[in-house]
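Written below as structure tokens is the structure these notes are about.
The values are calculated or read from the model by the stated rules, or taken from the named source; none is laboratory data. Being a predicted model, the structure only gives us computed values, none of them experimental. Don't worry about glycine lacking a Cβ; one is built from the backbone with ideal geometry, like all the others, and counts go over all protein chains shown. The protein model used for the area step is the full one, side chains on, heavy atoms only, and it has no ligands, DNA or RNA in it. Shrake-Rupley method; radii C 1.70, N 1.55, O 1.52, S 1.80 Å.
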Amino acid sequence: MTTAEQTLADRLGLTAGQLVRETGWDEDSDDRLRAAVEEWTGDALADEATKGTADLVLLWWREQDGDLFDGLMDARGDLAPGGFIWLLTPRPGRNGHMDPADITESTTSAGLSAHPPLPLSPAWSATRLEVRGETAA
């Protein structure tokens, strides 16, 4: 793993052996990020069809993907106790960028608390979401 991938894994709070479910993947998703997650956890990303709960959900979301609240509720249902969601959205100026107020409203309505967003790549930002009242592992 390169130093950049190590830094990315650290920023995302990844640990070896975590089950990471990915939803919302599309051709514009960041393959470097996906590869770093797989390298660091030691496993391929699980998809929506994988049974069981996830320690972490990578939720790729764009404005045109529909109702963010529904997407967050689906992702939340996939979480193990103490798990968390990384909401991955296009950065400002990119196709599919989400208005921060819309993210805040959907996050709050879904019973999640948000950390400040991190710029992960030139194209994507990530917001860590946790179920209110739970502490992530």
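Values as computed for the structure displayed
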{"item": "Contacts under 8 angstrom Cβ, first residue in the stretch 7-18 being in a loop (DSSP other than H, G, I, E, B), partner among the aliphatic types (A, V, I, L, M) and surrounded by fewer than 19 Cβ atoms within 10 Å (Cβ to Cβ), 6 or more apart", "result": "GLY13/ALA136"}
{"item": "All positions within the stretch 88-110 that are small (Gly, Ala, Ser), at pLDDT below 95 and in a helix (DSSP H, G or I)", "result": "ALA101"}
{"item": "Criterion: touching a strand residue (DSSP E or B) at 6+ places or on another chain (Cβ under 7 Å), open to solvent by 20 Å² or more (accessible area, probe 1.4 Å) and within 22 Å of ALA9 (Cβ to Cβ) - qualifying residue of THR41, THR53, THR127", "result": "THR53"}
{"item": "Enumeration of residues in the stretch 56-67 that are surrounded by 14 or more Cβ atoms within 10 Å (Cβ to Cβ) and over 12 Å from THR23 (Cβ atoms)", "result": "ARG62, GLU63"}
{"item": "Subset of the stretch 88-116 [of a type outside the set (Val, Ile, Thr), touching a strand residue (DSSP E or B) at 6+ places or on another chain (Cβ under 7 Å), open to solvent by 20 Å² or more (accessible area, probe 1.4 Å) and within 22 Å of ASP78 (Cα to Cα)]", "result": "SER113, ALA114, HIS115"}
{"item": "Of all residues in the stretch 28-45 being more than 15 Å from TRP61 (Cβ to Cβ) and assigned to a loop (DSSP other than H, G, I, E, B), the one that is nearest to the chain's Cα centre (by Cα)", "result": "LEU45"}
